[in-house]
Amino acid sequence: MAVMKLWSMLLLMGLLAHASAQMDFFTSIGQMTDLINTEKDLVISLKDYILAEESKLEQIKKWANKLDHLTATATKDPEEYLGHPINAFKLMKRLNTEWNELENLVLKDMSEEFISNLTLQRQYFPTDEDQTGAAKALLRLQDTYNLDTDTISRGNLPGVKCESFLTAEDCFELGKIAYSEADYYHTELWMEQALRQLDDGEESSVDKVSVLDYLSYALYQQGNLNKAVELTKKLLLLDPEHQRANGNLKYFQYILSTEDDNNSSSKEESQPKESSKTAKKKSSVDYVPERKKYEKLCRGEGLKMTPRREKKLFCRYYSGNKNPRYIVGPVKQEDEWDRPRIVRFLDIISNEEIAKIKELAKPRLRRATISNPITGVLETAHYRISKSAWLSSYEHPVIERINQRIQDLTGLDVSTAEELQVANYGMGGQYEPHFDFARKDEPDAFKELGTGNRVATWLFYMSDVSAGGATVFPEVGAAVWPRKGTAVFWYNLFKSGEGDYSTRHAACPVLVGNKWVSNKWIHERGQEFRRPCSLSEQD
């Protein structure tokens, strides 16, 4: 009984550990570290429970050995044994008292403390939605960075320090989640990977029948009927009584025969069908117009800076147009792009300042929102996946000092700017192509602030990123890569007040690592004399 209870506990912990490993794609890495500590605490609690059970079993074992010896002696000649008054007394004592004590020991529940701890910690566990989100984030990374399933399954990602891999069961779960989203393209890829690993002899709780069931139907949904029939037949060799497979096979064969009849009756020569490989189509649930350009830039491809233009980019010491604070100690500035002009400031925020900002932000991190262009209401969106918090200058001298630094180096008034926004992008964290400024069809976007449109963006990089996580500008083919301690700056509006549509940008998904940024959106109000208007629309 105790052994069965122990195995039940181990199985439960295995499932919980699996759920924790999948984790929330809405959650920041900073907050996920708390879950690592939670899991560690539960493992310690589980080990304590195992030790308690082992101690209990050891006591019972000693009892069994002692009683085995006594009964072996007594049963040889019971009358002679009981003729000794001490033996008679001890027999009465054992049956009346000691066996009751042994019964209580066997019935004692050693798992109470562990179950109590588990119940307490369960409130912090990820949900089904979180696990689905993490799976979708992994699929997004697969598409953005052109990774094949075998590369991901083996954990062969750039910049990784911790070895990790996916089991056949993990691959099967990814395929199932894609299937539940009607994403048959990824269903096929991950069910094929699960099948390969099973064919290679990997031991798994998942069987080939289940994998082939999903895979054949995913192929059918993508129009590859011949392959669907082939795999369904393979499934039925393993399980001839599989009801759904038998029904599917008849249906697939019927459709094929119908197509053959139509083809034979047609006089026009039909074009050969595409192979399974070329017929695959990615899910377009989260389609954006510049998806291909955006993803190429995320991979470091498709950059449009010619050598001739690149020669015109310089690095310099910058005093903020002779700002008194920086005349003696100017900062290092370098050009990242010419049109739109994007500049990077180096060593502009210290490790100590970064640590303080993260410390202030972590307790407040919440799912990042966007302003609905029609209603103006803040809401979450699938294309912006990060956690963010807002910090005011009065909260800590570091925030006030940083705001002053931005004002000194840009020459713009930050008193009407938005609060410092701190964002953390965890697994697959991204922000798809967007504008920071409000377009003409969004007149009420910043109405509540009463400070006009967003004239400029200042973006601090507060961490290095092992792989991925670039800030890209699809309209112009620019990519800016995170470098801890630096900041980039650009104007969203021309001097005329018209929006600069070339500043449409995106935060690429983080492939490996943890991306911390903080940004300041500077508004029009207060810049009347700092950045005078121009009559030219594109000036």
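The values are calculated or read from the model by the stated rules, or taken from the named source; none is laboratory data. Keep in mind the model is a prediction, meaning the values are calculated, not measured. Backbone-built Cβ (ideal geometry, glycine too); neighbour counts: all protein chains shown. Quick note on the areas: whole protein, heavy atoms, side chains included, nothing else; ligands and nucleic acids left out. Shrake-Rupley method; radii C 1.70, N 1.55, O 1.52, S 1.80 Å.
When all protein chains stay in place and ligands, DNA and RNA are ignored, the 1.4 Å accessible-area order of Lys358, Lys108, Lys208, largest first, is Lys108, Lys208, Lys358.
Comparing Ile177, Asn224, Phe165 along the charge dipole axis of region 128-258, the residue lying farthest to the positive side is Asn224, per the Cβ-charge model. Please compute the net charge surrounding Thr33, taking Lys and Arg as +1 and Asp and Glu as -1 over other residues with Cβ under 12 Å from its Cβ. Charge balance in the 12 Å sphere: +1. Take each peptide in 80-86, 306-312, count the other Cβ atoms within 10 Å of every residue, and average; sorted highest first, the result is 80-86, 306-312. The separation of region 116-174 from region 485-539, counted between C-alpha centres, amounts to 34 Å.
Cross-link partners for Lys515 among the aspartates and glutamates, with Cα-Cα distance under 14 Å and sequence neighbours closer than 8 places in the same chain left out: Asp464.
The label-point distance for Arg483 and Tyr501, in a model that sets each label 7 Å from Cα toward Cβ, rounds to 3.2 nm. Along the positive direction of the dipole of region 26-122 (beta-carbon charges: Lys, Arg +1; Asp, Glu -1; about the Cα centre), which of Thr75, Asn100, Val43 reaches farthest? Among Thr75, Asn100, Val43, the one farthest towards the positive end of the dipole of region 26-122 is Thr75.
With the simple model of a label 7 Å out from the Cα in the direction of the Cβ, Gln404 to Glu79 spans 10.7 nm. Taking a point 7 angstrom from the Cα of Asn323 along the C-beta vector, which residues in region 386-419 have backbone N less than 15 Å away? From region 386-419, the list is 399-417. Each Lys and Arg Cβ is given +1 and each Asp and Glu Cβ -1; about its Cα centre, region 302-523 then shows a dipole of about 560 debye. Working note: Cα gyration tensor of region 129-169, eigenvalues times five, square-rooted, sorted largest first, giving semi-axes of 17, 13, 11 Å. Taking all protein chains as they are arranged and a probe of 1.4 Å, the heavy atoms of Asp68 leave approximately 100 Å² accessible to solvent. With a 1.4 Å probe and every protein chain kept in, tell me what percent of the accessible surface of region 26-122 is carbon plus sulfur. Within region 26-122, the accessible surface is 59 percent carbon and sulfur.
Note on Glu241 and Leu91: their simple-model spin labels are 5.5 nm apart, each label 7 Å out from Cα toward Cβ.
Compute the Cα gyration tensor for region 139-227, then decide on rounded, prolate or oblate, letting a ≥ b ≥ c be the square roots of its eigenvalues: rounded whenever a/c is under 1.5, prolate when a/b is larger than b/c in the other cases, and oblate in all that remain. It comes out oblate by the Cα gyration axes. Overall, region 436-483 carries a charge dipole of about 120 debye about its Cα centre when +1 sits on the Cβ of Lys and Arg and -1 on the Cβ of Asp and Glu, all other atoms neutral.
Restriction of the trypsin sites (Lys or Arg not before Pro) in region 133-200 to DSSP coil positions whose beta-carbon has at most 10 other beta-carbons within 10 angstrom yields Lys161.
Ranked from highest to lowest mean number of other Cβ atoms within 10 Å per residue, what is the order of the peptides 477-483, 96-102?
Result, highest mean first: 477-483, 96-102.
Take region 26-122 with all the other protein chains still there, run a 1.4 Å probe, and you get 70 Å² of accessible area per residue. Cross-link reach is defined here as a Cα-Cα straight distance under 12 Å, omitting same-chain residues fewer than 8 places apart; for Lys227 the aspartates and glutamates meeting it are Glu188.
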